[in-house]
Amino acid sequence: MSVHATTVISRCLMVGLLAGLLPAATFGQSAGGPCDEYLLPQRDTIGGKVGPESCRKIETDFRLDNRSLRRFDIGLSGTVDGYVTRGGDYSEYMTSAPDLVFPQTSDLSRTFHIIARYEREKGAAMTVVFPANRSDWNGKMWVMIHGRGRSFQSGNLKAWNGNLDPADAAADLNKYDRVILRKGYALVKTYRTSAEGLGEIQATLENELKVDDVAFNDTHQYIKDFVAVAEAVVAKQLGEAPRRTYLYGHSAGGRLGRGFNYTPGLNVDAEGKPFIDGILADDSASGTWLPVVMKSGVDVLLQTDADRAAFVPQIDVTHQMYNNIWRPQRAEWVSNSFLENKRRNARILRDKGMTPKHRMYEIRSISHSGGESLPDGRRGDVQILDLSLMMGQFIDMLDNWVEKGEAPPPMRSDWAELGDADKDGTIENPGISFPEVACPLGIYYAFPVSSGERGIGLTSFAPFTGEGLEPLDGREVFVDMNRNGVWDLVETPSQAWQRLGLLAEGEELTRSRYVACVRESAESLRRDGFFSEETAQMYIERAQTAAISPESVAPGEP
């Protein structure tokens, strides 16, 4: 559909397409059956063999965005190995990267090898979606890894056959998933118990002590085992295995993605090639893990040509507004500030010469959620900028970097250490602003009222109404809309734009001035590679009918 369509219907359809709102039509489904044919032989490790032991699947054919897709809902039961400690703040984090993880939490206690059991009836599962026709597949695959806090016990992790809505096979596919599918990739959504201390996972330490408090928060081998099955499914269904496999991880999933890149020998397949070809780490949990491994007081990570060569291209998307206190014990090179850790990660990689393979993009006015699971970015007083409108560009950046060697745009940050490229005192590459932030009709703020303390990862929106006091957030702290440190009256749009230097003193905001600002912001993001042509045009069209308060529109303006 042309982005220049002018009818109301065509505009609505374009907005729906970009936001991933169009429904799916399910037209074929199989009863659950075995799928052990996709399992690889189990691996030998300390204490015995590990790996998937049994597989069940449901096959579904459906159409989405006029594309014919096939979906496999797969449940696996089996075992996986990793490492834990019994002493520190992160002792229950079962990880495949112990030298990276535990020292960063100042945990120098004994590290134990551990074998844990996972069960599909308790959520050990994945959803594999791919084009029904080989000709519609681009030959590549994305693996999606969710964050911490999921468990069968809490109800936010379902049994393997509970993720599929038989009436709408795309109901659980968020905006990011749909962006990936539109680009012709195969998609793998993985699910794991990622909340520790619940008694949900039965495990045995190398000293035969049995424990039930661990979780797969940082268990890379769990992901590798599931991805191997997914690749086998795709290979059989489409005639060949994916030639590229990319990883998207949010929060603890992003931290897990970093671990693949920061742990020598971990991101390697049976042939010695990269298991994951590129990593998109979306707001990595607490800003960690940082690329530091200390041995006898010396940082040994990424110090050799071989280790630097094994590092795959990695893009970190930093949500600037998500900044909290990281409370565990920490090493001296780790900060208590989430945002500072995100920035330190980029600085350390830069100082280790990894800029040719790493980028960090700091995005303003977004907390931990990018609105990917909210159809229009709203729920009650929650209102979130639509990060999916940039996510497609990040996906293309990573793919072009891996496939063609095309470097993405320079790093973007409001920290002068990173954003001031030539060290002249001016930040040439500042954090990224959506048009809603560059041309504001209000401000986004953390802690929506209805969400309270749990709203730290969400945002709300306070408009410039020119009426009443600035609002209170969910903690009953005033939202400092004009950044003057005082709880005072809400500005009008014109007053806010004058304060920000977008208008001269005494000048009024007009429709034409607003459209011009949005056009410049959207076109700048397009030129810099963060917006597609379609997204930039959509913003320009929206600006022409956006709800600007009556007082801010000069006589004769639409």
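The values are calculated or read from the model by the stated rules, or taken from the named source; none is laboratory data. Note that the structure is a prediction, hence the values are computed from the model and not measured. Cβ: placed from backbone, ideal geometry, glycine included. Neighbour counts: every protein chain shown.
Could you tell me whether region 243-265 includes any residue that is assigned to a helix (DSSP H, G or I), in the same structural domain as residue 218 (by TED's automatic domain parsing), among the polar types (S, T, N, Q) and buried (at least 23 other Cβ atoms within 10 Å of the Cβ)?
Looking for residues that are assigned to a helix (DSSP H, G or I), in the same structural domain as residue 218 (by TED's automatic domain parsing), among the polar types (S, T, N, Q) and buried (at least 23 other Cβ atoms within 10 Å of the Cβ), one finds at least one in region 243-265, hence yes.
Go through 420, 396 for me and flag whichever is under 18 Å from the mean Cα position of the chain (by Cα), at pLDDT 95 or above and surrounded by fewer than 19 Cβ atoms within 10 Å (Cβ to Cβ).
396
If you check residue 523 against the conditions, is it out of contact with any strand residue (DSSP E or B) (no Cβ under 8 Å at 6 or more places or on another chain), farther than 29 Å from residue 401 by Cα and among the charged types (D, E, K, R)?
On the way: out of contact with any strand residue (DSSP E or B) (no Cβ under 8 Å at 6 or more places or on another chain): yes; farther than 29 Å from residue 401 by Cα: no; among the charged types (D, E, K, R): yes.
Judged against the criteria, residue 523 is not a match.
Taking region 113-139, which residues are in a strand (DSSP E or B) and in contact with a helix residue (DSSP H, G or I) (Cβ under 8 Å, 6 or more places away or on another chain)?
Passing the criteria: 118, 125, 126, 128, 129, 130, 131.
Which of the residues belonging to region 188-210 are small (Gly, Ala, Ser) and assigned to a strand (DSSP E or B)?
Of everything in region 188-210, just one residue is small (Gly, Ala, Ser) and assigned to a strand (DSSP E or B), namely 203.
Among the numbered criteria (1) crowded, with 23+ Cβ neighbours inside 10 Å; (2) under 22 Å from residue 313 (Cβ atoms), which single criterion is violated by residue 226?
(2)
Name every residue in region 267-290 that is in a loop (DSSP other than H, G, I, E, B), farther than 20 Å from residue 329 by Cβ and within 21 Å of the chain's Cα centre (by Cα), in order of residue number.
267, 275, 276, 277, 283
Looking only at helices (runs of 4 or more DSSP H) that lie completely in region 387-476, which have at least 1 residues being in contact (Cβ under 8 Å) with a residue 60 or more places away in the chain and farther than 23 Å from residue 349 by Cβ?
388-404, 435-438
In region 498-537, which residues are without any contact (Cβ under 8 Å) to a residue 40 or more places away in the chain, in contact with a Lys or Arg (Cβ under 9 Å, 6 or more places away or on another chain), surrounded by fewer than 18 Cβ atoms within 10 Å (Cβ to Cβ) and in a helix (DSSP H, G or I)?
Correct list: 499 only.
Is it the case, given these coordinates, that residue 40 is loosely packed, with under 15 Cβ neighbours inside 10 Å and under 23 Å from residue 220 (Cβ atoms)?
Working: loosely packed, with under 15 Cβ neighbours inside 10 Å: yes; under 23 Å from residue 220 (Cβ atoms): yes.
Yes; evaluated as a whole, the condition is true for this residue.
Yes or no, residue by residue, for (1) at pLDDT below 95; (2) surrounded by fewer than 17 Cβ atoms within 10 Å (Cβ to Cβ); (3) among the acidic types (Asp, Glu); (4) not in a loop (DSSP other than H, G, I, E, B):
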residue	(1), (2), (3), (4)
340	no, yes, yes, yes
344	no, no, no, yes
353	no, yes, no, no
360	no, no, no, yes
368	no, no, no, no
374	yes, no, no, no
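Output the residues belonging to region 211-242 that are assigned to a loop (DSSP other than H, G, I, E, B) and farther than 30 Å from residue 134 by Cβ. Step through it out loud before you land on a result.
So in region 211-242, the residues assigned to a loop (DSSP other than H, G, I, E, B) come out as 212-214, 219, 239-242.
Result: 212, 213, 214, 219.
Modelled with pLDDT under 95, within 30 Å of residue 73 (Cα to Cα), assigned by TED's automatic domain parsing to the domain that holds residue 71 and of a type in the set (D, E, K, R): which single residue out of 271, 231 fits that description?
Testing whether each residue is modelled with pLDDT under 95, within 30 Å of residue 73 (Cα to Cα), assigned by TED's automatic domain parsing to the domain that holds residue 71 and of a type in the set (D, E, K, R) leaves just 271.
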